[in-house]
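Novice: Dropping the structure in here first, questions after.
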């Protein structure tokens, strides 16, 4: 089900795109900082991208003395204003608006001030804040991308954790693609949004959904973990491990899926703009986006490693007799630690054992289509998403790995079936 359309950020200007392209070789301090962002549906099914080499795992725990700048080997600091979204802040260099707090957090601070007589699109700037990115330092293609954060509160606040395609300097935005892991606008204290932007589905036409905390809780009251699980032709969003949307090319209404390539990370706290509106008399400054950590986890997908995948009744996903012949059925069986039960979840979207791939027979998409072992061939029949909700999903079919008949008996055949959330469709993947 598609979410309602949401107010969104406007396109980057071409000049801003070129400015951001310079990030791949190092952002010049003082250059205006471009910006883009989330909302709603669209999907051309394109062949899966070639298997990508595993990206280096990224982690920043933000440990260090209070007042320290972020690690320059991981993050660049953007500077300037942003006319595209009519934001009100000036993003500053240095550690005044982005610094470690000495308690294991990065604090991105928005202040009502202008100590440097900064000039913005509307005249003398009224606010300062910070925006960081990993362009030229780190990119990833697929994996689990997550951050644990405590967001600010107040009308006009606009914190975001998001990604842009690293080819933005060559193809521009939105052709580069944008993955918004988390955005919040201050007038919705209990709701965050996750969105995709691409050619033909950008700005207010982005495809996304919101997640709302129960019982009127506000995201500013505590830390929460925001994540996407990203594989070829599938992206799944979660908050604190609860999945709230999954998107595939089937959601794009024939438009191009541009998310099978490298992306870099961005953290920022904007003040004002078209979507959140400007601060008002109720807004208290300063406000902070506190980031406990940012982590990206990818797996090599190399055969011979990995671990068990367990399902209903504690049984393991198993290749009968460790047979490596194409077409060997895949089943449930008592866990025994053999190679027939060691599965590697790859950054290329495959799940492998014994040097072969988990495969949907004949590329089928119907309920009940069996899964089998087959030579890895890069087709959609061998692409799987493994979100934190513990589903194992074939995005092309938009169906879940399923134990036939809900049985946990030895020898139960595995198949794909419409996702129901039932116990016989829940799996624990050992990475």
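Novice: Is it true that some residue in the range 109-116 is assigned to a loop (DSSP other than H, G, I, E, B), more than 20 Å from the chain's Cα centre (by Cα) and closer than 29 Å to residue 223 by Cβ?
Specialist: Step one: filter the range 109-116 for residues assigned to a loop (DSSP other than H, G, I, E, B), giving 112-116.
Keeping just the survivors that are more than 20 Å from the chain's Cα centre (by Cα) gives 112-116.
Pick out the ones that are also closer than 29 Å to residue 223 by Cβ and you get 112-113.
For the range 109-116, residues assigned to a loop (DSSP other than H, G, I, E, B), more than 20 Å from the chain's Cα centre (by Cα) and closer than 29 Å to residue 223 by Cβ: present.
Novice: Give the range 393-418 a look and list any residue that's modelled with pLDDT of 95 or more and part of a loop (DSSP other than H, G, I, E, B), or say none.
Specialist: Once the filter is applied, which keeps residues that are modelled with pLDDT of 95 or more and part of a loop (DSSP other than H, G, I, E, B), the range 393-418 yields 407, 408, 409, 410, 411, 412, 418.
Novice: Okay, next question. Would the range 130-146 turn up any residue that is over 20 Å from residue 74 (Cβ atoms), modelled with pLDDT of 95 or more and assigned by TED's automatic domain parsing to the domain that holds residue 57?
Specialist: No: the range 130-146 contains no residue that is over 20 Å from residue 74 (Cβ atoms), modelled with pLDDT of 95 or more and assigned by TED's automatic domain parsing to the domain that holds residue 57.
Novice: Here's something else I'd like to know. Report, by residue number, each residue of the range 314-326 that is closer than 18 Å to residue 382 by Cα and at pLDDT 95 or above.
Specialist: 317, 318, 319 - these are the residues of the range 314-326 that are closer than 18 Å to residue 382 by Cα and at pLDDT 95 or above.
Novice: Next up: All but one of (1) in contact with a strand residue (DSSP E or B) (Cβ under 9 Å, 6 or more places away or on another chain); (2) outside the structural domain of residue 145 (by TED's automatic domain parsing) hold for residue 321; state the number of the condition that does not hold.
Specialist: It fails just one condition, (1).
Novice: On the given criteria, is residue 176 farther than 28 Å from residue 397 by Cβ, over 12 Å from the mean Cα position of the chain (by Cα) and surrounded by fewer than 23 Cβ atoms within 10 Å (Cβ to Cβ)?
Specialist: On the way: farther than 28 Å from residue 397 by Cβ: yes; over 12 Å from the mean Cα position of the chain (by Cα): yes; surrounded by fewer than 23 Cβ atoms within 10 Å (Cβ to Cβ): no.
When the stated conditions are applied, residue 176 does not pass them.
Novice: Yes or no: the range 377-390 includes at least one residue that is at pLDDT below 95, in contact with a strand residue (DSSP E or B) (Cβ under 9 Å, 6 or more places away or on another chain), in a strand (DSSP E or B) and not assigned by TED's automatic domain parsing to the domain that holds residue 246.
Specialist: Checking the range 377-390: at least one residue is at pLDDT below 95, in contact with a strand residue (DSSP E or B) (Cβ under 9 Å, 6 or more places away or on another chain), in a strand (DSSP E or B) and not assigned by TED's automatic domain parsing to the domain that holds residue 246.
Novice: Another question, then. As an exercise: evaluate residue 211 against (1) within 19 Å of the chain's Cα centre (by Cα); (2) touching a residue at least 40 places away in the same chain (Cβ under 8 Å) and give the number of the one condition it does not meet.
Specialist: The failed condition is (2).
Novice: Further question: So, residue 421, is that one outside any strand (DSSP E or B), within 25 Å of residue 240 (Cα to Cα) and not assigned by TED's automatic domain parsing to the domain that holds residue 251 or not?
Specialist: Values: outside any strand (DSSP E or B): yes; within 25 Å of residue 240 (Cα to Cα): yes; not assigned by TED's automatic domain parsing to the domain that holds residue 251: yes.
Yes.
Novice: Could you please find all residues in the range 215-235 being at pLDDT below 90 and out of contact with any helix residue (DSSP H, G or I) (no Cβ under 8 Å at 6 or more places or on another chain)? I'd like the intermediate steps shown before the answer.
Specialist: In the first step, residues of the range 215-235 are kept if they are at pLDDT below 90; the result is 229-234.
Matches in the range 215-235: 229, 230, 231, 232, 234.
Rundown of residues vs (1) assigned by TED's automatic domain parsing to the domain that holds residue 137; (2) surrounded by fewer than 17 Cβ atoms within 10 Å (Cβ to Cβ); (3) modelled with pLDDT under 50; (4) not in a strand (DSSP E or B), yes/no style:
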| residue | (1), (2), (3), (4) |
| --- | --- |
| 46 | yes, yes, yes, yes |
| 66 | yes, yes, no, yes |
| 73 | yes, yes, no, yes |
| 107 | yes, no, no, no |
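Novice: May I pose another question? Please go through the range 415-426 and pick out each residue that is surrounded by fewer than 20 Cβ atoms within 10 Å (Cβ to Cβ) and in contact (Cβ under 8 Å) with a residue 40 or more places away in the chain. Steps first, please.
Specialist: Of all residues in the range 415-426, those surrounded by fewer than 20 Cβ atoms within 10 Å (Cβ to Cβ) come to 418-423, 426.
Those that are surrounded by fewer than 20 Cβ atoms within 10 Å (Cβ to Cβ) and in contact (Cβ under 8 Å) with a residue 40 or more places away in the chain: 418, 423, 426.
Novice: Follow-up question, since we're still on this one. For the range 104-161, name all the residues that are within 12 Å of residue 88 (Cβ to Cβ) and in contact with a helix residue (DSSP H, G or I) (Cβ under 9 Å, 6 or more places away or on another chain).
Specialist: Of everything in the range 104-161, just one residue is within 12 Å of residue 88 (Cβ to Cβ) and in contact with a helix residue (DSSP H, G or I) (Cβ under 9 Å, 6 or more places away or on another chain), namely 157.
Novice: In addition: Please pick out the residue among 273, 253, 277 that is in contact (Cβ under 8 Å) with a residue 12 or more places away in the chain and more than 30 Å from residue 91 (Cα to Cα). Explain how you work it out, then say what you get.
Specialist: Values: 273 fails: more than 30 Å from residue 91 (Cα to Cα); 277 fails: more than 30 Å from residue 91 (Cα to Cα).
253 is the lone residue from the list that is in contact (Cβ under 8 Å) with a residue 12 or more places away in the chain and more than 30 Å from residue 91 (Cα to Cα).
Residues are listed down the side, and each one gets a yes or a no for (1) over 18 Å from residue 385 (Cα atoms); (2) in contact with a helix residue (DSSP H, G or I) (Cβ under 9 Å, 6 or more places away or on another chain); (3) at pLDDT 90 or above:
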| residue | (1), (2), (3) |
| --- | --- |
| 328 | yes, yes, yes |
| 342 | no, no, yes |
| 346 | no, no, no |
| 354 | yes, yes, no |
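Novice: Just give me the residues in the range 329-347 being in a loop (DSSP other than H, G, I, E, B) and surrounded by fewer than 19 Cβ atoms within 10 Å (Cβ to Cβ), in sequence order.
Specialist: Applying the first criterion (in a loop (DSSP other than H, G, I, E, B)) to the range 329-347 yields 330, 334-338, 342, 346-347.
The answer is 334, 335, 336, 337, 338.
Novice: When you check residue 279 against the structure, is it at pLDDT below 95 and crowded, with 16+ Cβ neighbours inside 10 Å, yes or no? Full working, then the answer.
Specialist: Details: at pLDDT below 95: no; crowded, with 16+ Cβ neighbours inside 10 Å: yes.
It is false that residue 279 is at pLDDT below 95 and crowded, with 16+ Cβ neighbours inside 10 Å.
Novice: Hey, residue 362 hits all of (1) part of a loop (DSSP other than H, G, I, E, B); (2) farther than 19 Å from residue 320 by Cα but one; which does it fall short on?
Specialist: So residue 362 meets the others, but not (1).
Novice: Still on this structure, please answer the following. Could you grab me the full set of residues in the range 365-376 that are assigned to a loop (DSSP other than H, G, I, E, B) and modelled with pLDDT of 90 or more? Talk me through it step by step, then tell me what you get.
Specialist: Our first condition is that a residue be assigned to a loop (DSSP other than H, G, I, E, B); within the range 365-376, this holds for 365-369, 375-376.
Matches in the range 365-376: 365, 366, 367, 368, 369.
The values are calculated or read from the model by the stated rules, or taken from the named source; none is laboratory data. What you are looking at is a predicted structure, and each value in this text was computed from that prediction instead of being measured. When we count neighbours, we look across all protein chains shown, and the Cβ atoms used for this are built from the backbone with ideal geometry, even at glycine.
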